[in-house]
Structure formats: C-alpha cells, structure tokens
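Participant: Before we start, here is the structure in question, set down as structure tokens.
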Amino acid sequence: MARNSQINDQAAGPTLAPIAFAIGVAVVLAGLIVNLEVIAPVGVAIAVLAAVAWIRGTGRRSRTSAEQKSHEPVATETERFPRNRFLERATLGLGGLVAAGVALPVIGAAVLPIFSGDKRLPIDLGPISAFPQGEFAAATFLSDPKAGEISRRTAYVRNNGFVGTSPSFTIMSSRCTHVGCPTQPNGPIFMQREKFVRTSVGEVKVVPALPAGGFGCPCHGSVFDTEGNRTAGPAPRALDRYQFSIRNGRLVLGPIYSISRVDGSGGNARIHSYKRLGDGEPATGPESLLYPVDPIS
Ligand code: FES
C-alpha cells in the first residue's frame, strides 16, 4: 500500500501551473492599474496558458491514477478519498472563490467603461456670431442635459478668426488641472454683455471677458496664461481643451483632451496634446508613469 501511494505521488508530480496562474492574475491586476493596453493582455495570456496547463495536468494525473487503480485491489472508501485530497480541492475551490471575488469587481470597473464608451452628445454652443473674433467669452452649459445641473460646465472660448479657410477657436475647460476647482478669468468680466443662446442642449450663457492676466484658480493658487499654460501653482499641466467643429454655422464642442503645453498662440499655436488625463495627473515626465488608468467621466 505504501508503495502504491508513492507511485501515485510520483504520477501527480509537482506542477508550476498554479503558481504561473497566480502570477498571470497578478500581472492582469497590475496591468489594470498601470497599463491596460500591454501589461493586462500579457497577464491574461499567462493566466490562460497556465490554466490550460493546469487543467491538462490535472486530467493527466487523474487518468494515471485511474489506470493504476484498475490494476489495484479494490480500495476502501477512506483510501479512494484521502483527507489530503479533499483538503487540496477545498483549498483550491475557496482560493478560486476569493480570487474571483477580488478580481471580478476590479476587472468590471476597469473594462466596462471601455464598452459603455463616452455617450455624451456633442454640445451645441450656438452660432459662431455669438463669439466675436479676438475676444474671450466664458460659455456655461449643461454637458449632459439628462443629468441636469450636476453636469454644468464652463469653457473659455476665443474666436481666433480664420486660419486659411478654416475657422479657428481656442476652447479651454475652466476646470483646474490640479484637483478640479473652477478657475476664473484674471481680468474684467462684462456681465452687462451677458447673453443666453438657445441651443439643442438648452440655454448656453455667454459672458465676455478680458483675461489679461490669464486664468486663476482660487483653491490653491494655480495660474494659467491665455493659452492655458500653467505659469504658477501646483497644477501639473495646462488647462484641458475641447475639440470642436462648425456645423451649419454653429460652434459644436466635442470631447475634451489634455495638453502638456502650448507653443505660440491663437490659431497658429502648436498644441502638445494627450488623451484626457485625470485631475493632478502630469502629461509628461517620470511622474506621469506613476498615475493609474482612471475611468474619467
Ligand atoms: S485646484 Fe486649482 S490649484 Fe488646486
């Protein structure tokens, strides 16, 4: 009996597949935080390959065990289901449940936004005549009319005139890139010229301004110049900007994107752009590597 047990143990043999599987899951979780495009898929590949090897190894061991048993005298109930095998399977089962409980919510939170996408509609700011050339105006609108006031945003809009045959606008988010406080124009705001423009997303309030000193954040003192470049304070990058298009003579906002800095000004500015980043996240430099992938609404 002792010899049969020894043969069984040898047939089962140690396998690295569970360890490789655990490493794969760990790489997936790290990838969800650090790099969704490269590291997470590598982790998935490791986990899948290890899982296949693990399952095949388990099947082979089971067959070997069954073949050996067919040549053995009939075992007692205790011998066929030894306690260590029960404990092994119970541990694996519980471990799998715990891993699923930890991993599934994380994977769901990271992956579902990719499929849900940005459902927000383009934002109609009204006719371009509402934005006189060469002037800044603060346009306040609902970015998601169904969500109501919580989606109210302000963009600084400047009509740069034409570049070639294309109209050019500088459209910056008023949201400070430090922790998201609303910035204010550093200069006069002409409330007497305030107007409300009817658009397909509701009323847009347009207030002309002369931000000679750029834009300032009241929370922690960040300052941005008239192109949105940070000139002082803790903000890690320039003000985010909106993509835009002109449709039937109306100015329509598209998605927001982030920028590290702007060289030059107006329609001829060179914009160093990035996908939209989170509050406090630098666009360049070593610190930008430390920030996790964040689902930005
Ligand atoms: S939120 Fe603007 S400086 Fe902190």
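Participant: Inside the stretch 20-38, can you point out the residues that are of a type in the set (A, V, I, L, M, F, W, C), open to solvent by 60 Å² or more (accessible area, probe 1.4 Å) and at pLDDT below 85?
Facilitator: Correct list: Ile33, Val34, Val38.
Participant: Can I ask one more? Go through the residues of the stretch 245-260 one by one and say whether even a single one is farther than 26 Å from Leu142 by Cβ and more than 16 Å from the ligand (Cβ to nearest atom).
Facilitator: yes
Participant: Now a separate question. Go through the stretch 181-194 and count every residue that is in a loop (DSSP other than H, G, I, E, B) and within 14 Å of the ligand (Cβ to nearest atom).
Facilitator: Matching residues across the stretch 181-194 total 3.
Participant: Residues Arg270, Arg261: which one is at pLDDT 90 or above and surrounded by 12 or more Cβ atoms within 10 Å (Cβ to Cβ)?
Facilitator: Of Arg270, Arg261, the one residue that is at pLDDT 90 or above and surrounded by 12 or more Cβ atoms within 10 Å (Cβ to Cβ) is Arg261.
Participant: Restricting the first residue to the stretch 267-286 and requiring it to be free of Cβ contacts under 8 Å to residues at least 24 places away in the same chain and within 18 Å of Ser174 (Cα to Cα), which pairs with a second residue that is within 14 Å of the ligand (Cβ to nearest atom) and open to solvent by less than 20 Å² (accessible area, probe 1.4 Å) meet a Cβ separation below 9 Å and a spacing of at least six or different chains?
Facilitator: Tyr274/Arg237
Participant: All but one of (1) over 29 Å from Ala30 (Cα atoms); (2) away from the ligand (no atom under 16 Å from the Cβ) hold for Leu289, so report the exception by its number.
Facilitator: The number of the failed condition is (1).
Participant: While we're looking at this one, here's another question. Can you tell me which residue among Thr177, Thr170 is within 28 Å of Ser288 (Cβ to Cβ) and part of a strand (DSSP E or B)?
Facilitator: Exactly one residue qualifies, and that residue is Thr170.
Participant: Same structure again: Pairs under 6 Å by beta carbon, first residue more than 16 Å from Ala138 (Cβ to Cβ) in the stretch 225-239, partner within 12 Å of the ligand (Cβ to nearest atom) and among the hydrophobic types (A, V, I, L, M, F, W, C), six or more apart or different chains?
Facilitator: From residues that are more than 16 Å from Ala138 (Cβ to Cβ), the pairs are Arg230/Phe224; Thr231/Val223; Ala232/Val223; Gly233/Val223; Ala235/Cys176.
Participant: Among the listed residues Lys195, Lys275, which satisfies the condition of being of a type in the set (Lys, Arg), under 30 Å from Lys146 (Cα atoms), open to solvent by 70 Å² or more (accessible area, probe 1.4 Å) and under 21 Å from the mean Cα position of the chain (by Cα)?
Facilitator: On inspection, the qualifying residue turns out to be Lys275.
Participant: Residues that are within 12 Å of the ligand (Cβ to nearest atom): which strands (runs of 3 or more DSSP E) entirely in the stretch 195-241 hold 2 or more of them?
Facilitator: In the stretch 195-241, 230-232 are the strands (runs of 3 or more DSSP E) which contain 2 or more residues that are within 12 Å of the ligand (Cβ to nearest atom).
Participant: Out of (1) under 20 Å from the mean Cα position of the chain (by Cα); (2) exposed (fewer than 15 other Cβ atoms within 10 Å of the Cβ); (3) among the hydroxyl-bearing types (Ser, Thr, Tyr), the odd one out for Ser200 is which?
Facilitator: Failed condition: (1).
Participant: Within the stretch 153-180, track down each residue that is within 16 Å of the ligand (Cβ to nearest atom) and buried (at least 16 other Cβ atoms within 10 Å of the Cβ).
Facilitator: Listed by number, the residues that qualify are Arg153, Thr154, Tyr156, Met172, Ser173, Ser174, Arg175, Cys176, Thr177, His178.
The values are calculated or read from the model by the stated rules, or taken from the named source; none is laboratory data. Just so we're clear, the structure is a prediction, and the values are computed from it rather than from any experiment. Backbone-built Cβ (ideal geometry, glycine too); neighbour counts: all protein chains shown. What goes into the accessible areas is simple: the full protein's heavy atoms, side chains included, and nothing from ligands, DNA or RNA. Shrake-Rupley method; radii C 1.70, N 1.55, O 1.52, S 1.80 Å.
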